[in-house]
Amino acid sequence: MILRSRIVSVLALGTIALAGCSSEKPTSAQLKPLALKEQASTIVKSGDGYVVNWAAVLTNSNPWHFGENAVATVIGRDAKGAEVVRMDQPLDAVPPAGSLAFTGQAAAAVKPVKVTIDYRSAQWRPAARITSAFKPFPVSRVLTTPQKDGTYLITGEVSNPFSLPASSLVISAMLRDKAGKLLGGGSTFVDDVVAGRPPRFILTVSGVPKGAKVESTEVAARTWGSTGRPYEELALGGALPVYTSKPVTEPFAKDRGRQAFPSDKQ
């Protein structure tokens with residue numbers, strides 16, 4: 001009877017502990033807001049006015065929630081402070097404990113002297129998997145080529161680490177100077193990305209300040225859409241094993257056992 005009562009007590013304590021843990025899950029009010037880590041903008045003269053280019057990075061410090069349906073608001077003002085350009089840009093979902101690099105441009109009839117980027121608060125949704133399940137999309141063979149017109153041509157390949165095909169991915173390239181300062185960026189799309197067949201992407205970055213020297217290019221790929229559902233479906237489908245290719249050499253004629261080298265005889 002004593003042993004049985006102790007078991008019941010332990011089970012009761014375990015139930016209380018689990019209830020306490022479930023009550024400690026953060027609510028929407030307790031989640032940290034998205035943070036605008038950095039931003040850059042330039043104004044370029046065009047045939048009928050001006051073109052405002054921008055690039056920015058949003059971060060999500062919450063490890064268990066997607067930040068969804070956020071909207072960036074880009075405002076340009078002239079020397080008198082009057083608003084000459086405004087654009088609301090719907091943003092893709094920001095993954096748990098991840099970041100979102102986004103770019104854009106808008107036309108303005110009057111030259112703005114100051115451009116600011118802000119965003120509306122995101123809606124939070126719990127992620128179905130842990131943070132490590134959301135594998136990054138590997139980018140390789142990135143080449144940055146300056147053009148005569150002052151733009152930069154960015155090419156490369158993007159891979160899919162998941163077993164399911166990615167229907168659409170957004171590729172964003174961020175250009176930085178020697179000190180790591182963000183100079184500008186550009187984005188493009190690739191569709192039907194299947195594991196083992198990395199497609200090539202091509203994009204152009206315009207509006208880099210004159211005289212600025214580009215020293216590095218950061219390229220990131222993400223799923224497209226204001227919600228994290230596409231990314232979550234890929235993660236739920238499972239990631240591919242690291243080694244998927246078959247050996248090309250013949251096996252040993254005789255198994256060498258557990259030791260790679262036989263011990264020396266004394």
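See the values below:
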read-out	value
Enumeration of residues in segment 35-69 that are at pLDDT below 95 and farther than 28 Å from residue 214 by Cα	48
Test: residue in segment 96-109 that is of a type outside the set (S, T, N, Q), in a loop (DSSP other than H, G, I, E, B), open to solvent by 70 Å² or more (accessible area, probe 1.4 Å) and at pLDDT below 95	yes
Sole exception among (1) modelled with pLDDT of 95 or more; (2) outside any strand (DSSP E or B) for residue 79, by number	(1)
Residue that is nearest to residue 76 (Cα to Cα) [pool: residues in segment 116-137 that are β-branched (Val, Ile, Thr) and open to solvent by 40 Å² or more (accessible area, probe 1.4 Å)]	116
Test: residue in segment 198-208 that is at pLDDT below 95, in a loop (DSSP other than H, G, I, E, B), open to solvent by less than 30 Å² (accessible area, probe 1.4 Å) and under 19 Å from residue 105 (Cα atoms)	yes
Verdict on residue 140 being in a strand (DSSP E or B) and open to solvent by 40 Å² or more (accessible area, probe 1.4 Å)	yes
Residues within segment 28-46 that are of a type outside the set (A, V, I, L, M, F, W, C) and surrounded by 14 or more Cβ atoms within 10 Å (Cβ to Cβ), tallied	5
Breaking point among (1) open to solvent by 40 Å² or more (accessible area, probe 1.4 Å); (2) in a loop (DSSP other than H, G, I, E, B); (3) within 17 Å of residue 95 (Cα to Cα), for residue 233	(2)
Subset of segment 144-181 [in contact with a helix residue (DSSP H, G or I) (Cβ under 6 Å, 6 or more places away or on another chain) and not in a strand (DSSP E or B)]	163, 164
Residue in segment 47-69 that is within 18 Å of residue 183 (Cα to Cα), open to solvent by 20 Å² or more (accessible area, probe 1.4 Å) and either of a type outside the set (Lys, Arg) or in a strand (DSSP E or B) (or both) present	yes
For residue 32: the one exception among (1) farther than 19 Å from residue 229 by Cα; (2) part of a strand (DSSP E or B)	(2)
Meets criteria (within 20 Å of residue 206 (Cα to Cα), in contact (Cβ under 8 Å) with a residue 40 or more places away in the chain and in a loop (DSSP other than H, G, I, E, B)) for residue 184	no
Options 242, 193; residue that is within 25 Å of the chain's Cα centre (by Cα), at negative phi and at pLDDT 95 or above	193
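The values are calculated or read from the model by the stated rules, or taken from the named source; none is laboratory data. What you see is a predicted model; the values in this text were computed from it and never measured. FYI the Cβ positions are ideal-geometry reconstructions off the backbone, even for glycines, and counts take in every protein chain you see. Protein only, heavy atoms only, side chains kept; ligands, DNA and RNA dropped before computing areas. Shrake-Rupley method; radii C 1.70, N 1.55, O 1.52, S 1.80 Å.
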